[in-house]
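Data first, discussion second: the structure below is written as structure tokens.
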Amino acid sequence: MKKIVSFFFIIYFCAPNLKAQHKISAYGGWTASKIQTFFSPDAKKSPIHKDLFALPVLHSPYISFEYEHDWKRLRFSTGLSTTIWGASSFFGDPDVWAEMYLNIPIIAGIRLDLPKNWNLTLESGFEAGMRLTNIGIYFYPDDYEFKFRGNLNAILGVEANWKQFRLGTRLQVGLTTFRYWSADIWFKHSGITTYIGYTIWDSQIAKEKRAKRLAKKQADKI
């Protein structure tokens, strides 16, 4: 009888697709971003703002922690990420002009299973956040004081997975609030983030390990 109970206990924890799978993953990578234009049409009337399109690409680090809910082939994820948007120089000055943001991504994806433990996930969603700090050139002492400045991005990405390892890229297009002289203005921007990641905790793996431990305990008692 104990063997039968142990058998069904193992099946319950190990059988695939009986329950949704939960994961916590950490990511690190690099973002290449470009300011595209002022969001306000009035802001583009001054001739000096034509030089905005010449602002160079900014390369900056990317860090993210995400919780994932997998159900069959669908994935839903959210978490916290830090991104930096801006330019690597500002109207001839070689210093960076940028803002660091803390974002909450909300992403949905569909998984395509491949041979040898590989799979590919196509994902889409958005992220919204607020400024943490400014970086580089700023003009007034109060630029360094806390003030809410928002960030909103649409996301389209693809991620390759092998066991607990991940490699992916995301296209981000959105709006960001910047401090420009004495005013806050919105910029349109775009960026490409390339990252690697690792699944820190996986509910399916945890269940399998737990089932093996319980089965071993049951076997030792018999």
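When you look at Gln218, is it closer than 26 Å to Asp113 by Cα and surrounded by 14 or more Cβ atoms within 10 Å (Cβ to Cβ), yes or no?
Taking the combined requirement at face value, the residue does not satisfy it.
Tell me, which residue of region 75-100 that is among the small types (Gly, Ala, Ser) and more than 16 Å from the chain's Cα centre (by Cα) is farthest from Leu175 (Cα to Cα)?
Gly92
Given the criteria aliphatic (A, V, I, L, M) and under 29 Å from the mean Cα position of the chain (by Cα), does Leu214 qualify?
Considered against the rule, which asks whether it is aliphatic (A, V, I, L, M) and under 29 Å from the mean Cα position of the chain (by Cα), Leu214 comes out as no.
May I ask you to list the residues in region 101-121 that are within 14 Å of the chain's Cα centre (by Cα) and either among the aliphatic types (A, V, I, L, M) or over 19 Å from Ala160 (Cα atoms) (or both)?
Result: Tyr101, Leu102, Asn103, Ile104, Ile106, Ile107, Ala108.
Kindly evaluate Ala26 against the criterion of being aliphatic (A, V, I, L, M), surrounded by fewer than 18 Cβ atoms within 10 Å (Cβ to Cβ) and either modelled with pLDDT under 65 or in a strand (DSSP E or B) (or both).
yes
Within the group Ala32, Ala98, Ala43, which residue is small (Gly, Ala, Ser), at pLDDT below 80 and either part of a strand (DSSP E or B) or touching a strand residue (DSSP E or B) at 6+ places or on another chain (Cβ under 9 Å) (or both)?
Residue meeting the stated conditions: Ala43.
Kindly provide the set of residues from region 101-122 that are assigned to a strand (DSSP E or B) and not hydrophobic (A, V, I, L, M, F, W, C), ordered by number.
Hits for region 101-122 are Tyr101, Asn103, Pro105, Gly109, Arg111, Asp113, Asn119, Thr121.
The values are calculated or read from the model by the stated rules, or taken from the named source; none is laboratory data. Computed from a prediction, not measured in an experiment: that's the story for all the values here. Reconstructed Cβ throughout: ideal geometry from the backbone, glycine too, with neighbour counts over all protein chains shown.
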